[in-house]
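S.K.: Below are the structure tokens for one structure; questions will follow.
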Amino acid sequence: MEMNLGKTERLKPILEKVTQLMQEEVLAADMEFHQEIGKDGADRWDMTPRQADILEGLQTKAREQGLWNFWLTDSDKGYGLSTVEYAHLAEQMGWCVLGPQVFNCSAPDTGNMEVFERYGTQEHKDRWLAPLLESKIKSAYLMTEPDVASSDATNLRFEAILDGDEYVLNGEKYWSSGAGDKRCEVYILMAKTAGEEAPRHARHSMFVVPADTPGIEILRAMTVFGHDDAPHGHMHIRFTDVRIPKSALLLGEGRGFEVSQGRLGPGRIHHCMRAIGQAERALELMCKRSMSRTAFGKPLAKLGGNYDIIADCRIGIEQARLLCLKAAWMMDQGDPSAAAPWISQIKVVAPNMALKVIDEAIQMFGGTGISQDTPLAEMYAQMRTLRFADGPDSVHRMQVARKELAQYR
């Protein structure tokens, strides 16, 4: 079967518009948007009036051009793009944190909206999916737990016990990304609903939980390299006798893994293509710095091994992009099990490649590279974190190796 990883005729005008808006307006607004966090004593978890103006202004421009909800791949809503087509857009949107929000394509909302569209009831779609599609509210995905090795999700112990017509939730979740935002109104949560007698992958279920349900307590914001990542936030949350109706259950008891894998596969590709966008931005900053800055009588580009460093960064980006696009193509073929090892490969490759490029860019900037005067330090923290998010490197390597060894058994 022919593998087309290029930009389709349908995609080209869309990609051109997204790139133009990103490069001409969003990148410039990103720094101001983040400088507003907590300004003049403002609540760090709520947008300031200026932040709201920036985001709403950019989203209005995006919507006026029809640049909205691209993530709805293989859907009768939106553009119905393929995963390969979306991957090219995700790379451009990934150049800065604000980018995906402008086009309503930011995590964890995209994955949660996919869950609602694929597995939700009509009630879920009306109450939660509709406002999420309009970017009127935010959401969070609650899976990781503080007391177990959550990279093996069969370890999760957070309980949902059926009591009459309600489930009672007890336990703690942390690294609940997006739950800090004051606009976050709904959680999608994985909980244990069966005991050891059930098969390992049939013991957990997925639920829809309104964020304001009584008994939910946000304990703290987890920090990333000492920063709280406001207003998004990665929260540590405690549930004490939280009651939700049976209708909150998604798909059926014991089908939590089915829902989570349907959500995480596309999300990993989106993350990795955004990582490539981050690497491209870092390389651009590195090259401009190396040509404009002089030391020891020469431009930085001509000092030490900087030619080799710049060349290696370009080669690494190109290799990672091709692998990501192949993984996206594999997903488009409709066989998740066949796509899985390719997704695991890019989940290892893309963040590590981006980290290398960003690190070299920081080095080219010297002390300025780790300061607030460039976006590089924040980019580095994001990419280092991505090596854990949606599964750590070691777990994905294990999956790749198992697939490779299976053919020799």
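Every number in this text was worked out from the coordinates using simple rules, so none of it is lab data. Keep in mind that this is a model prediction, so the values were computed, not measured. All Cβ positions, glycine included, derive from the backbone under ideal geometry; neighbour counts span all protein chains shown.
S.K.: Once the Cα atoms of helix 83-93 and of the chain are each reduced to a long axis, what angle between those two axes, in degrees from 0 to 90 to the nearest 10, is obtained?
M.R.: Orientation of helix 83-93: about 60 degrees from the principal axis.
S.K.: What angle do you read, to the nearest 10 degrees and between 0 and 90, between the alpha-carbon axis of helix 336-365 and the longest principal axis of the chain?
M.R.: Long axis of 336-365 versus the principal axis of the chain: about 40 degrees.
S.K.: Ok, one more. What order do you get for Glu378, Glu159 when you list them from fewest to most C-beta neighbours inside 10 Å?
M.R.: In order of increasing Cβ crowding within 10 Å: Glu159, Glu378.
S.K.: Turning to a different aspect of this structure: Take peptides 281-290, 311-320, 219-228 and line them up by average Cβ neighbours within 10 Å, highest first, as a rough protection proxy.
M.R.: For the peptides 281-290, 311-320, 219-228, the packing ranking is 281-290, 311-320, 219-228.
S.K.: Can you find, among Val208, Pro351, Ser176, the residue farthest towards the positive end of the dipole of the chain? Put +1 on the C-beta of Lys and Arg, -1 on that of Asp and Glu.
M.R.: Pro351
S.K.: Let me know the charge dipole size of the stretch 93-198 about its Cα centre in debye, to the nearest 20, where only the beta-carbon of Lys, Arg (+1) and Asp, Glu (-1) is charged.
M.R.: 580 debye
S.K.: Angle between the Cα long axis of helix 306-332 and the longest principal axis of the chain, 0 to 90 degrees, nearest 10?
M.R.: 30 degrees
S.K.: Tell me what the chain gives for mean residue ellipticity at 222 nm when only DSSP H runs of n ≥ 4 count, each as -39,500 (n - 2.57), the sum divided by the residue total, rounded to 500 deg cm²/dmol.
M.R.: Helix-only estimate at 222 nm: -15000 deg cm²/dmol.
S.K.: Here's something else I'd like to know. Take each of the peptides 241-247, 257-263, average the number of other beta-carbon atoms within 10 Å over its residues, and list them starting from the highest.
M.R.: 257-263, 241-247
S.K.: Turning to a different aspect of this structure: Compute the relative contact order of the chain as a whole-number percentage, counting only Cα pairs closer than 8 Å that sit 6 or more residues apart in sequence.
M.R.: Relative CO of the chain lands at 14 percent.
S.K.: Using each residue's phi in the stretch 180-189, evaluate 6.51 cos²θ - 1.76 cosθ + 1.60 at θ = phi - 60° and report the 3J(HN,Hα) Karplus result to the nearest Hz, with x for Gly and Pro.
M.R.: x, 4, 4, 7, 6, 10, 8, 10, 10, 10
S.K.: Mind listing the long-range amide H neighbours of Leu81? Cut-off is under 5 Å, sequence gap 5 or more, other chains count too, H placed in the peptide plane at 1.01 Å from N.
M.R.: The list, which skips near neighbours in sequence, is Asp74, Ser75.
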